[in-house]
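**Q** Provided herewith is a single structure, encoded as structure tokens, for subsequent inquiry.
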Amino acid sequence: MRTGFPDFRLGNVLATSFTGTLSERHGDAVERIPTPQRLVDWLAVNGLAVDSCTTAQLDRARELRESIHAAATAAALQEALPASAVQVINDCSAQGRAAAVLTPEGKRRWRLGSASCVEDALGVIAADAISIIAGERDGILALCASPTCQAAFFDTSQSRTRKWCDMNTCGNRQKKARFNANQRKNPRSAE
């Protein structure tokens, strides 16, 4: 892993984890894939290892990321999906040449085309986005309750009432803020 870059925020759902490579969208935005090599790193961590990435492929990846975020946000709000976002997701899904393979441990892995190119990896991410936005998987799309984040995430909790995209960042920050506000209101309760 390259040093000097913000850590990746990894989740259980590939598509929404990918949208998390840009966090704090409504605050001081944090870009987690600022360079082509950083995208290569993110893909490798997520089981989609590629040989290399160009600046144009990074631009396409960011376009897909923003399209998934726009469509997932619309789905979470039960609004119409943006046509341009749907087009980008569909184009990336159709362009990829990846195949699902079964490992000896009974897990699904992705085998990218012989050239192990970024387009194949983006196709896998787009297909994952399609499955969650289309409602094919058990869970719901929701938006982070943090006013500076508002990331789309896929809630698979039993009650489907999760509030934060990531409890260790957004959830913790909000709970600390609420605690500090309560301490300012009731200074004697800290004694």
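**Q** How about the chain: what cysteines have no other cysteine beta carbon under 4.7 Å from their own?
**A** C53, C92, C117, C170
**Q** Tell me the angle of helix 36-45 to the major Cα principal axis of the chain, expressed in degrees between 0 and 90 and rounded to the nearest ten.
**A** Once rounded, one gets 80 degrees.
**Q** Which GluC sites (Glu not before Pro) in the range 35-133 pass both tests, a DSSP loop state and at most 15 other beta-carbon atoms within 10 Å?
**A** Those satisfying the criteria are E79, E105.
**Q** Of L141, L102, L48, which has the largest mean-square fluctuation in a 10 Å C-alpha GNM of the chain?
**A** L102
**Q** A further question follows. Please get the size of the charge dipole for the chain, origin at its Cα centre, with Cβ charges of +1 on Lys and Arg and -1 on Asp and Glu, quoted in debye to the nearest 20.
**A** I would put it at about 880 debye.
**Q** Related question: Could you tell me which of rounded, prolate or oblate describes the range 91-139, using a ≥ b ≥ c as the square roots of the eigenvalues of the alpha-carbon gyration tensor, with rounded for a/c under 1.5 and, failing that, prolate when a/b is larger than b/c and oblate otherwise?
**A** oblate
**Q** Right, here's the next one. Mind running the shape call on the chain? Use the C-alpha gyration tensor, a ≥ b ≥ c as the square roots of the eigenvalues: rounded below 1.5 for a/c, prolate if a/b tops b/c, oblate otherwise. Intermediate values should be presented prior to the final figure.
**A** Numbers: a/c = 1.97, a/b = 1.70, b/c = 1.16.
Since a/c reaches 1.5 and a/b is larger than b/c, the shape of the chain is classed as prolate.
**Q** Sticking with this structure for a sec: Of the candidates N12, N90, N46, which one comes out as most mobile in a Gaussian network treatment of the chain with C-alpha springs shorter than 10 Å?
**A** The residue with the greatest mean-square fluctuation here is N12.
**Q** What is the count of Lys pairs in the chain whose alpha carbons sit under 21 Å apart, if the two are 8 or more places apart or on different chains?
**A** Lysine pairs satisfying the spacing and distance rule in the chain number 4.
**Q** Next up: Keeping all protein chains in place and using 1.4 angstrom, which order do D41, D91 fall into by accessible surface area, from largest down? Mind dumping the intermediate values first?
**A** Values: D41 15, D91 70 Å².
From most accessible down to least: D91, D41.
**Q** Please find, in a Gaussian network model of the chain (springs between Cα atoms separated by less than 10 Å), the residue of R109, R162, R97 whose mean-square fluctuation is greatest.
**A** In this elastic network of the chain, the residue with the biggest mean-square fluctuation among R109, R162, R97 is R109.
**Q** Select from L112, L102, V13 the residue farthest towards the positive end of the dipole of the chain; place +1 on Cβ of Lys and Arg, -1 on Cβ of Asp and Glu, and compute about the Cα centre.
**A** Sorting the options by dipole projection puts first V13.
**Q** If you don't mind, another one. In terms of the Cα gyration tensor, with a ≥ b ≥ c the square roots of its eigenvalues, is the range 51-164 rounded because a/c is under 1.5, prolate because a/b exceeds b/c, or oblate?
**A** In terms of gyration-tensor shape, oblate.
The values are calculated or read from the model by the stated rules, or taken from the named source; none is laboratory data. Every value quoted in this text rests on a predicted model; they were computed, and no experiment measured them. In this analysis, Cβ positions are derived from the backbone assuming ideal geometry, glycine residues included, and neighbour counts consider all displayed protein chains. The area values use the complete protein model at the heavy-atom level, side chains included, leaving out ligands, DNA and RNA. Shrake-Rupley method; radii C 1.70, N 1.55, O 1.52, S 1.80 Å.
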